[in-house]
1. Name the residue that is nearest to the chain's Cα centre (by Cα), counting only residues in the range 15-34 that are closer than 15 Å to Ala45 by Cα and surrounded by fewer than 21 Cβ atoms within 10 Å (Cβ to Cβ).
2. Please state which one of Gly37, Gly29, Gly5 is under 28 Å from Ile117 (Cβ atoms) and touching a residue at least 12 places away in the same chain (Cβ under 8 Å).
3. Taking Arg23 and the conditions (1) basic (Lys, Arg); (2) part of a loop (DSSP other than H, G, I, E, B); (3) closer than 22 Å to Lys217 by Cβ, which numbered condition does it fall short on, given that it satisfies the others?
4. Going by the conditions given, is Ala166 without any contact (Cβ under 8 Å) to a residue 12 or more places away in the chain, under 22 Å from the mean Cα position of the chain (by Cα) and open to solvent by less than 90 Å² (accessible area, probe 1.4 Å)?
5. Could you give every pair whose Cβ atoms fall below 7 Å, whose first residue belongs to the range 185-199 and is part of a loop (DSSP other than H, G, I, E, B), and whose second residue is polar (S, T, N, Q) and open to solvent by 60 Å² or more (accessible area, probe 1.4 Å), counting only separations of at least 6 or pairs across chains?
6. As an exercise: evaluate Ile22 against (1) over 16 Å from Gly115 (Cβ atoms); (2) away from the ligand (no atom under 12 Å from the Cβ); (3) touching a residue at least 12 places away in the same chain (Cβ under 8 Å) and give the number of the one condition it does not meet.
7. What is the one condition in (1) away from the ligand (no atom under 12 Å from the Cβ); (2) open to solvent by less than 10 Å² (accessible area, probe 1.4 Å); (3) of a type in the set (A, V, I, L, M); (4) out of contact with any Gly (no Cβ under 9 Å at 6 or more places or on another chain) that Leu119 does not satisfy?
8. Got a number for residues in the range 144-160 being over 15 Å from Ala94 (Cβ atoms) and either surrounded by fewer than 18 Cβ atoms within 10 Å (Cβ to Cβ) or of a type in the set (Gly, Ala, Ser) (or both)?
Amino acid sequence: MNLKGKKTLITGGSAGIGKELIRQLINHGLKDFAVIGRSQNKLDALQKEFKDVNFILVAGDVSKVKDIDRLIDEVRSHWDGIDLLINNAGVVSAAPLQKLSDEDIINQININLTGVILLTKKALPLLKERGDAGIINISSGLGLIAKPFYSVYAATKAGLKHFSEAMRRELIFENIHVMTVYPTATDTNMLKNVDMEHMDSVKLVAERAIEGFLKNKIDVILGGEKRLQDVETNKNSPLEIDSHIKDNYDAYKNRSENHRAM
Ligand SMILES: NC(=O)c1ccc[n+]([C@@H]2O[C@H](COP(=O)([O-])OP(=O)(O)OC[C@H]3O[C@@H](n4cnc5c(N)ncnc54)[C@H](OP(=O)(O)O)[C@@H]3O)[C@@H](O)[C@H]2O)c1
């Protein structure tokens with residue numbers, strides 16, 4: 001796909017990985033973006049930062065059907081189609097399952113998974129109107145290898161993996177490419193309360209995602225060779241991963257203790 005001039009709908013484009021994707025897509029010749037995020041202030045700041053971009057900015061929550069409908073109506077009133085849908089918005093709340101609040105369980109599922117499915121459903125007619133369209137879903141390394149204390153987050157991100165796979169196959173006769181990105185720890189607001197030795201930059205994650213999309217990849221997995229090996233180990237010898245977790249249980253528990261970005 002040649003990206004130049006493509007119209008992009010991105011969720012959570014007002015911060016972190018989503019904002020960096022916008023920055024880099026602008027460098028690829030894109031200038032039309034529809035963005036949904038809950039905070040109007042962050043959306044206003046986005047317009048100030050990227051003055052030459054034609055934005056459709058919608059303050060709303062991807063887990064609310066009426067907000068998704070409002071977003072789609074807004075997009076439809078300005079554009080005759082969507083070339084690229086990026087399902088990026090996401091939240092996390094880590095804790096042993098018994099300690100996770102019911103609200104954090106429900107909201108993680110609704111924002112990270114149900115919202116993606118609903119928005120994709122409602123954006124499909126607009127994507128199908130274009131000759132050459134794409135969907136990029138931002139999952140997580142935890143969608144490939146689940147870790148303790150991230151049971152609900154990991155479930156949403158693994159759900160996204162299967163949703164992407166099913167949609168890729170469902171749309172096989174459409175000109176809509178579906179790609180999934182699996183970032184590992186990345187330096188954004190989402191990880192500000194976590195003590196990590198190494199974090200990827202948003203620049204790297206966005207570069208790899210765009211490069212993968214331009215090469216028609218179906219999966220982009222961050223985290224280097226080690227990560228790819230771990231994914232294979234998790235598939236073929238999952239008890240090896242269990243034993244690593246067992247040996248480092250307290251470290252995993254301590255590190256996840258204050259990890260909440262909702
Ligand atoms: N950072 C990491 O280490 C990491 C690793 C793996 C995967 N990921 C995934 O990458 C994606 C982006 O994460 P990030 O690190 O860039 O997060 P971030 O810096 O916290 O940014 C999240 C963005 O999503 C928006 N958002 C959150 N909840 C929303 C909702 N209910 N409705 C609409 N917009 C919402 C936020 O805006 P408002 O707050 O204004 O709504 C913000 O623009 C997420 O799906 C995350 O799960 C991140």
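The values are calculated or read from the model by the stated rules, or taken from the named source; none is laboratory data. In this text the structure is predicted, and so the values were computed from the model without any measurement. Note that we place each Cβ from the backbone using ideal geometry, even for glycine, and neighbour counts take in every protein chain shown. Heads up: the accessible areas ignore ligands, DNA and RNA and are worked out on the full protein's heavy atoms, side chains in. Shrake-Rupley method; radii C 1.70, N 1.55, O 1.52, S 1.80 Å.
1. Keep residues of the range 15-34 that are closer than 15 Å to Ala45 by Cα, which gives 15-16, 18-20, 22-23, 33-34.
Remaining after also requiring surrounded by fewer than 21 Cβ atoms within 10 Å (Cβ to Cβ): 15, 23.
Numbers: Ala15: 12, Arg23: 16 Å.
The residue in question is Ala15.
2. Within the list Gly37, Gly29, Gly5, the selection yields Gly37.
3. (2)
4. So Ala166 passes the test.
5. Note: pairs meeting the criteria are Asn193/Asn258.
6. Status for Ile22: all satisfied but (2).
7. (1)
8. So the count comes out to 2.
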